[in-house]
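The values are calculated or read from the model by the stated rules, or taken from the named source; none is laboratory data. What you see is a predicted model; the values in this text were computed from it and never measured. Glycine gets a Cβ as well: all are built from the backbone with ideal geometry, and neighbour counts include every protein chain shown.
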Amino acid sequence: MNPTQTSTPQIITETICLSDDSDMEMSEDKTPKNSSKPEERRSSRRKRIKVVEEKSESVPKSVEKKPNIDKSITTKKKEPSPATSTSQKPDETKPQENRDPFKEILTGLEGAAFQSRLPCEKMTASEAACFPEITKNGLISTRVFLNIRNRILQMWIEDPKTQLTLENTMKRMEKPFECDPDLVKKIHSFLERHGYINFGIFKRLKPLPTLKHGKVVVIGAGISGLIAARQLQSFGFDVTVLEARDRVGGRIASFRKNNYVADLGAMVVTGVWGNPITTLSRQIGIEMLPIKSMCPLYGAGGKLVKKEKDEMIEREFNRLLESTSYLSHTLDINYCGNYPLSLGDALEFLIKMQEKHVKEKQAQYLQDITQHQEKLLAGQEQIMTKVQKLKEIKANYAKLQNSSKKQPSKQADTETANAEIEWQRRSTLREWKLIWNEIEAIKEENTELENKLKDLENNPPSDIYLSSKDRQILDWHFANLEFANATPLNNLSLKHWDQDDDFEFIGSHTTVKNGYSCLPIALTEGLDIRVNTAVKKIKYYPHGAQVVTENLKTNDQSVTYKADLVLCTLTLGVLKVAISDTTEQINSVRFDPPLPDWKQAAIQRLGFGNLNKVILCFDRIFWDPNVNLFGHVGSTTQSRGELFLFWNISQSPVLLALVAGHSAAIMENVSDDVIVGRCIAVLKGIFGNSAVPQPKETVVTRWRADPWARGSYSFVSVGASGSDYDLLAAPVTPKFDNKGNPVNDMPRLFFAGEHTIRNYPATVHGALLSGLREAGRICDYYLGFPNTYPNEPKS
């Protein structure tokens, strides 16, 4: 459908004057009824950049730590309908930056379920599949299941530093639920299998199983590979982790030198409620620092953008985004001809529509003035005509008066003549009065027209939709969005780019005080990890798998690792190179046999973006230490992502500049000296030449050029959808044996990583959850479902 052929919603055509001399007042809000207010930032991945104020609309009310046992179960009363949980906002009396993020964690059964991303009063689909007898037996059985499940979750949330064994669970389980040990055992096994309890770094009360169920090779020592390896090891598998780099963490990398600390990759923990990173941080004692939301903007010339101007254009930015959603989801405009539309296409189309609407209002304004002037002139001409008519009536009236003085010769004639003259005189007076009233009415109309003309002349419409400076500020917000998605807006699917918004965690956004890399380093404890080991080929067949590697440090001949199955956590960027290469190249991976067509198609459709950082370490702080973020507005649309945002989140004098959008790709071909020089020039434009010293240390990232990353994180590209994440997550089962005979065996190749989790893509917690998911999936395939498999593997 051609968007120009459809009716445009009122929000799109509503004119908003944003020129420099505007009175800072937006026009009437015409947001569609099903959208949020434009003043409110949407719950989307934009929150990674200009951090939003906390929202708690969906946060359950905190309950007491004492188990909340449902009395209706023990008394056999009729079960009432579950009441909707009320919201409880965090304490607003404390500044956001001073809050302890862990104090926001909810307690009680309801809080434990919420923190575990599970509904408190409802079974999930996976739970219903594993416990069909519970759903079959009705509401009372479901209530019993939920109380046991939530109580076990509560035990784990209260003390995630110690293994929650089945024995301790039974000891702490309250009446009457301890009377059904089999159900408690099954629920405990289910929660442990799927990574809801006993995950991360904790004190084990039971040793690891000595009898191994099989050999697993995990490719990649990022957060997903490490957490999956730990889980599989605890379930009784022999696990080896292969990592091409000389370090663990993947795209979690921290720069440390002297007192300087900065994250080169993942940096922000986006929300604490429901986030598994919260549990890990409590386990290893990571200090989390909440991010202050204030973000002043500095124009291209270094001048501070007025807060009113920034907020006004940000509202317009959100209105434009809401309009794209209206176009896509309400009007179903997602194609132009046979080509799917991108978010960038839709935004530019809406901007052009607004500009067109401004011109239309200008034309209407001139037309209104012309019409009013023509009506005023016509009224004046009518008055002149009627005044002339009054003069004629006056003359006729004078003649009648004179004729009445002449006396006829006969009495009868006199009476007749007088009557006729009186009739003519009265008729003339009536005509006079009628015309006079018409003149007065025209005068009133003319007065009204003059007032309207004066009002029009005093309130001319804007001659532009956005001034050049306004467009620069709007482009900053676009760059902000390009950072959130690691790609130019023209690459994002109009319909599906924000498909994960409903699963955004809430609560404080935080950073890790000593660098994010301390988390993956902690996860390495007890694991067999082979660093400097690059995977060259992944072979999988009906009865096992082989991984051919090369040692990058010693350049030894290839080493082959045999396994029952392989868990591949290679980045989407590396997978894209793998399926595009037909011959062996350095730093590329081959699959043998090639991945199935459906898997390759999903890899090709889904996007893998790029975001780069510039780390600047100084000997002193010359910026406002109370501000975590400040923005730099670019001078052109093409360069809007160049050094558009600076972060001050370190305890030492370190600034971190972001490069997003088209600029992220351009800077990879520019030398460090040029990039750092540009940074210093921008900072001097803001703070003054004398205030900005030369940095002591600098680091420039180039994630696209990194052979083990090939980019930063995934996004839903044009032509892709959220279902492609599911396809990337799906395991691969060999279809033929070595002789080409068809087989029907179990999967041998599994996939994890942020690009494989539909609800939490492009995040560290998403990668972690994908590792937990795959560990559970592997166990389900090779050990059986947890409700039929004993809690502890036999040793």
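Out of the residues in the stretch 323-377 meeting the condition of being among the acidic types (D, E) and touching a residue at least 60 places away in the same chain (Cβ under 8 Å), tell me which one is farthest from L474 (Cα to Cα). Even if it seems obvious, please write down each step before you answer.
Here is the first cut: in the stretch 323-377, the ones among the acidic types (D, E) are 332, 345, 348, 355, 360, 368, 374.
Pick out the ones that are also touching a residue at least 60 places away in the same chain (Cβ under 8 Å) and you get 332, 345, 355, 368.
Values: D332: 26, D345: 15, E355: 14, D368: 32 Å.
Taking the candidates together, the pick is D368.
If the condition is being touching a residue at least 60 places away in the same chain (Cβ under 8 Å) and surrounded by fewer than 17 Cβ atoms within 10 Å (Cβ to Cβ), then the stretch 703-720 contributes P707, G719.
Please work out if T416 is assigned by TED's automatic domain parsing to the domain that holds L453 and modelled with pLDDT under 85. Break it down stepwise before answering.
Numbers: assigned by TED's automatic domain parsing to the domain that holds L453: yes; modelled with pLDDT under 85: yes.
Criteria met by T416.
Within the stretch 254-279, the residues that satisfy the criterion of being of a type in the set (A, V, I, L, M, F, W, C) and either crowded, with 24+ Cβ neighbours inside 10 Å or touching a Phe, Trp or Tyr at 6+ places or on another chain (Cβ under 8 Å) (or both) are V261, A262, L264, A266, M267, V269, V272, W273, I277. When D724 is tested against the conditions (1) farther than 16 Å from I615 by Cα; (2) at pLDDT 95 or above; (3) out of contact with any Leu (no Cβ under 6 Å at 6 or more places or on another chain), the lone failure is (3).
Entry remark, the stretch 338-381: residues being more than 30 Å from T487 (Cα to Cα), hydroxyl-bearing (S, T, Y) and surrounded by 13 or more Cβ atoms within 10 Å (Cβ to Cβ) number 1 in total. At least 2 residues being of a type in the set (V, I, T) is the threshold, and among the strands (runs of 3 or more DSSP E) wholly inside the stretch 181-271 those reaching it are 215-219, 238-242, 268-270. Taken over the stretch 152-164, the criterion of being assigned to a helix (DSSP H, G or I) and either small (G, A, S) or surrounded by fewer than 22 Cβ atoms within 10 Å (Cβ to Cβ) (or both) is satisfied by M155, E158. Scanning the stretch 359-404 for residues that are part of a helix (DSSP H, G or I), more than 27 Å from E445 (Cα to Cα) and in contact with a Lys or Arg (Cβ under 9 Å, 6 or more places away or on another chain) gives Y397, L400, Q401.
Can you name the residue in the stretch 725-743 that is in contact with a strand residue (DSSP E or B) (Cβ under 9 Å, 6 or more places away or on another chain) and not in a loop (DSSP other than H, G, I, E, B) and, of all such residues, is surrounded by the fewest Cβ atoms within 10 Å (Cβ to Cβ)? Outline the logic, then answer.
Residues of the stretch 725-743 that are in contact with a strand residue (DSSP E or B) (Cβ under 9 Å, 6 or more places away or on another chain), as a first pass: 725, 728-738, 742-743.
If we keep only those that are not in a loop (DSSP other than H, G, I, E, B) too, we end up with 725, 728-729, 732, 736, 742.
Working: Y725: 27, L728: 24, A729: 20, V732: 19, F736: 12, P742: 9.
So the residue we want is P742.
Residues that are touching a His at 6+ places or on another chain (Cβ under 9 Å) and without any contact (Cβ under 8 Å) to a residue 24 or more places away in the chain within the stretch 128-169 comprise just one, T169. Total residues in the stretch 696-724 satisfying the condition of being of a type outside the set (F, W, Y) and not in a loop (DSSP other than H, G, I, E, B): the figure is 8. From the list M288, M294, M267, M312, the one residue that fits, being touching a Pro at 6+ places or on another chain (Cβ under 6 Å) and touching a residue at least 60 places away in the same chain (Cβ under 8 Å), is M288. The number of residues in the stretch 497-548 that are touching a residue at least 60 places away in the same chain (Cβ under 8 Å), assigned by TED's automatic domain parsing to the domain that holds A720 and assigned to a strand (DSSP E or B) comes to 11.
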